[in-house]
Each structure stands twice: as C-alpha cells, then as structure tokens.
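Okay, structure first, notes after.
The values are calculated or read from the model by the stated rules, or taken from the named source; none is laboratory data. Just so it is clear, the model here is predicted, and its values are computed rather than measured. Methodologically, a virtual Cβ is constructed for each residue, glycine included, from the backbone with ideal geometry; neighbour enumeration extends over all protein chains shown.
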Amino acid sequence: MADCFVALLDVQPEKERFYNRFRRNDSVVARPAKGKWRKMYDLSEEEQCPANFATVVNTLVWVERATHDILLRCGEAVRRSGILVYSHKLDSAQFRCATKFGWAILNLYEETGDGDLLTHAQHLGEVLVSHQCNDGI
C-alpha cells in the first residue's frame, strides 16, 4: 500500500499540484475531478483539503501497528505527504477538514516521536479552538 502511494507521489506531472487519482496502469489522472471535491491538492489555490492525505497517513500508521513492521516506505510516504501539505503558501491549519490531518499526524507522532509532527498537530488544535463558538459548538 505504501509503495503505491509513493509511486503516486513520484509520477505527479506537476510540481505544485498533487492529483490523487490514478489508473490501473499507475498513471496519474492529471485533471481535476468534476464537482466540489476536485480530488487534488494545489499549492497555489486558496482553499485545499489536507484531509485527503489524512486517510492515507492513518491507514499507513494502522497497517504498521497491526503488522508490527517498521515499514520504511510508509515513513517515506507519510513524510512526503506532510511536506506537501505544509508547503502551501497559506496556513494549512485554516483549511476545511484540516483537523483530520492533525489527528493523522498526531497518530504518526505517537509512532515516531517526531516533535515537528506534534508541533503541527498542536497548531491545528489551537486553530480549531479559536474558531469554536462560546457555547462550545
């Protein structure tokens, strides 16, 4: 699974855009999907959804926990997806569904002890709390 995600990262046709759809022959579908969720992450657009990567990160962490393997390819895939999310010109903690990515990197932090991951997750939590209404909803 991690190998497929790393391969998808490797074959992206554009440097600042990640398309998360690919064909059975491992080629990337290099165009936005129709509809509200365009199935891509673009470093130049104002609004993105890092939650796309959260599912991958959590899945790879859970696979590693279940198999008790240190999957180096999982680590590479997760590291590269995090770099992509945090490379955006805007604060990715402000994006919709960013908290899902925060949860994923917090899970990864528990496995790796990487303090940068904890810092990012804490920042996402602070942003979430700052948007909370006085009634807690």
Checklist entry - Is it the case that residue 100 is charged (D, E, K, R) and under 12 Å from the mean Cα position of the chain (by Cα)? => result yes
Item to check | Residues within region 80-93 that are loosely packed, with under 15 Cβ neighbours inside 10 Å and either in a helix (DSSP H, G or I) or not hydrophobic (A, V, I, L, M, F, W, C) (or both), tallied | outcome: 4
Checklist entry - How many of the residues in region 1-18 are surrounded by 14 or more Cβ atoms within 10 Å (Cβ to Cβ) and either in contact with a Pro (Cβ under 6 Å, 6 or more places away or on another chain) or within 23 Å of residue 61 (Cβ to Cβ) (or both)? => result 8
Item to check | Count of region 4-42 residues which are assigned to a loop (DSSP other than H, G, I, E, B) and not polar (S, T, N, Q) | outcome: 20
Next on the checklist: Quick check on region 59-78: of everything there that is surrounded by fewer than 15 Cβ atoms within 10 Å (Cβ to Cβ), in a helix (DSSP H, G or I) and not aliphatic (A, V, I, L, M), which residue is modelled with the highest pLDDT?
Outcome noted: 62
Checklist outcome for this item: Within region 33-58, the count of residues that are surrounded by fewer than 16 Cβ atoms within 10 Å (Cβ to Cβ), of a type outside the set (A, V, I, L, M) and closer than 24 Å to residue 99 by Cβ comes to 8
